[in-house]
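Please read the structure below before turning to the comments.
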Amino acid sequence: MTRTSLDRVLRHIYVCVFLVVTLALGARFVEYIPGLPTFAVEFAKGVYEVIKDMSLLIATGGVAYVTNVFQKRSKFVESLEEEWRGIVKTKSALHGFCEKPYPSTDDYLAVFSRISETIDNMRIVYRNVGETDTLIGLYPYAPLHDMRRALQSIDPRKRTTIPPEERKLVRDAILQSFYALREVFLEELDLEEPVHALLISSGRRSKRPGATKAAKSGQDWQRKRQDKDSCPRPDIDILLQRLYAAEQAENLMQAEAALQPSQLAPATQARGREV
């Protein structure tokens, strides 16, 4: 179920709920409207009693229907995500094939089988646009066929010598088709911006090495408690302690080297030139 279909169903549900609530309220307070015939008041009271008696059934049916709708939406999104992962793997395989200086026939057949499977797997997600009982319709994402045709143009079975410039052009055409597909295909997934995005290049951790005093005290206490017990393999303990100490010393040296002014100055100067 696409996002448009889900919104349409939810609108229908909202309208039905509004109509039932409005009808129940009108039937409940109709007796306070002056000038109405007695039979109309009695009929409204009967309608209200029917709605009240069936309220549990109506609510249960509504909840079941809404649950079914969201289950269909969840399954559709899962299928869409699986299809997208297949498209990404196909793009990587096509890109790798174009980068090979001497691709074999087996390489071509493997890549062609992958793009063919990706095209056909779209059938479990979307139907063709404009498809009817008598018309085939249009394939929903034409860039996949563009990628297939670009690959077929460098079939090693038809030509044994394909210049690198032509393979590079085919690679660029495949990437362009993939980027065009990605721009529209992922819209259905309702993706949102990350809350804690890292938008700068050469980002690094903002936390310093170390731990709280409580954590270090706990570490020392565990070490002392373990040292009281007899060790079945002292040689293993000596090896692990030596490796741990060497790693900590190396990390400390790297941290001190990173904070030296002589290494920070060129980066600061370069940043000043960029500004």
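Criterion first (hydrophobic (A, V, I, L, M, F, W, C) and surrounded by 10 or more Cβ atoms within 10 Å (Cβ to Cβ)) does Leu199 satisfy it? Criteria not met by Leu199.
From the list Phe18, Phe43, Phe29, Phe39, the one residue that fits, being surrounded by 12 or more Cβ atoms within 10 Å (Cβ to Cβ) and not aliphatic (A, V, I, L, M), is Phe43.
Among the criteria (1) part of a loop (DSSP other than H, G, I, E, B); (2) aliphatic (A, V, I, L, M); (3) within 28 Å of Trp84 (Cβ to Cβ), the one Ile162 does not fulfil is (3).
Here's the yes/no breakdown for (1) part of a helix (DSSP H, G or I); (2) closer than 26 Å to Met1 by Cα:
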{"residue": "Gly86", "(1), (2)": "yes, yes"}
{"residue": "Glu117", "(1), (2)": "yes, yes"}
{"residue": "Arg149", "(1), (2)": "yes, no"}
{"residue": "Lys158", "(1), (2)": "no, no"}
{"residue": "Asp172", "(1), (2)": "yes, no"}
{"residue": "Phe178", "(1), (2)": "yes, yes"}
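Of all residues in the stretch 49-58, at least one satisfies being of a type in the set (Gly, Ala, Ser) and more than 30 Å from Val170 (Cα to Cα). Can you confirm whether Glu183 is without any contact (Cβ under 8 Å) to a residue 40 or more places away in the chain, among the acidic types (Asp, Glu) and over 23 Å from Arg85 (Cα atoms)? No, not satisfied. Residues in the stretch 59-73 that are among the hydroxyl-bearing types (Ser, Thr, Tyr) and touching a residue at least 12 places away in the same chain (Cβ under 8 Å): Tyr65 only.
Where a number appears in this text, it was derived from the coordinates with a stated rule and is not lab data. Everything quoted here is computed from the prediction, not taken from an experiment. Note that we place each Cβ from the backbone using ideal geometry, even for glycine, and neighbour counts take in every protein chain shown.
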